[in-house]
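The values are calculated or read from the model by the stated rules, or taken from the named source; none is laboratory data. All values derive from a computational prediction rather than experimental measurement. Ideal geometry is used to build each Cβ from the backbone, glycine not excepted, and the neighbour counts take in all protein chains shown. Surface accessibility is based on the protein's heavy atoms, side chains included, excluding ligands, DNA and RNA. Shrake-Rupley method; radii C 1.70, N 1.55, O 1.52, S 1.80 Å.
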Amino acid sequence: MIGKPRLIDPSVIVRKAYRKTLEIRNKQLTIEVEDALYAPMGEGEEPRLLDEPLVTQMIRGIAAAVTHNASPYNPVPERIVISRGAPAGDADGSDGGEVSGHFAEGMDAKAQPASPVSHQVSTPGLWSACTPRWTLNEVSLSQEARSHIEAALVMIRHREKLFGEWGLEESHFDGRAIVLNFYGPPGTGKSMTAEALAGTLGRQVLLVNYAELESKFVGETPKNIKSVFAAASGAGAVLVFDEADSFLGKRLTHVQQSSDYGVNISRSVMLLELERFDGVVVFTTNLLQNYDDAFRRRILAQVAFRYPDESERTAIWERHLPRRLPLGGEVNPAVLAAAFDHMTGADIKDMVLYASALCLKEGGQAVEMHHFRLAADYVASRYVQEEGGPDPS
């Protein structure tokens, strides 16, 4: 389904202080972000701290720096304040005081939030960043897949409570990324769901095709991998690697040439970056069995994407059939779902377009079942292997 980019309405964003009190060397230290940004994640919800994982990571970094550098002549402070406003006495006349309240009338231009990033902002050769077009409420998923993803959302949104208040940092590596692996046949919605996950979190997507990261020059591919993780960390984006089996395969045990050595080095760098990253990573693949065990251990949840059943197909047809599309009297989502099985969401979307075009070609006034049957044949033909041709699997 094609949807509009989901952006946070600036009018609902609130600026107010966020405080965290920590115990360092038997002293209480309060770290305060005096103009943190809050917004409701859904209709009727209380405002939540935006980019909470990044704010938490920043506070932990400050606490670690204080811990490692405190001394009798440089003791642990009682309070550290982080402010994005100009200090008192600056040329703009700001008094440096706390700024809070809605972005509405009475706020000057410098208090406005940064303009949202447009849907597609490309960085040539390495990745593309985009604002998600969907949320999970707009994606048709099996109950099992939705359950896995919702559990991951809880871990992402309540990371501070889980690792801080409830003490899971004592038994879990605190810096470990939330890593999900979406696997299943092509067209079953893996990439769309990764984008919808980011949309639900209110974050950008940073999409990586590993083929673009690979370089023929020795040492360049590891540098490219590092730059991708750095970009995702800086933007607070959900990092998505498509066709991940191409680089998460088993390590080469019999290194015979420099290229083999380079492959192993690149995979080692990927593992190291996953350990350092404190965000969300989604791998998508058609071939789960190719993964190296070292990568499997770092995956929090394996989410299977399969061909939708009849009820799921009905929901997909409902989403892809525009209200203004004229349909024949016998045509409706339930009838189409029952008539055409073993179809992915991508197949259904293409069938709607092709059937509509056939209707116009014939000079028809409504899209009939025979148009959809011809469209189904068209979609099925792209999966048929020609004699002597490549194996589509």
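Listing for the model above:
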| quantity | calculated |
| --- | --- |
| Net +/- balance of residues flanking Asp347 in space, Cβ distance below 15 Å, scoring K and R +1, D and E -1 | +1 |
| Length gained when the stretch Arg297-Leu360 is fully extended (0.36 nm per residue, less Cα-Cα span) | 17.4 nm |
| Förster radius 35 Å - calculated FRET efficiency between Asp309 and Met155 (Cβ-Cβ, nearest 0.05) | 0.80 |
| Percent carbon-and-sulfur accessible area, region 320-390, ignoring ligands, DNA and RNA, probe 1.4 Å | 54 percent |
| Cα-centre dipole for region 282-359 with unit charges at Cβ (Lys and Arg positive, Asp and Glu negative), debye to 20 | 360 debye |
| Rough spin-label spacing in nm, given labels placed 7 Å along Cα→Cβ, for Glu46 and Asp341 | 4.9 nm |
| Entries of Lys161/Lys223; Lys190/Lys226; Lys20/Lys190; Lys16/Lys161; Lys27/Lys161 with Cα pairs more than 32 Å apart | Lys161/Lys223; Lys20/Lys190 |
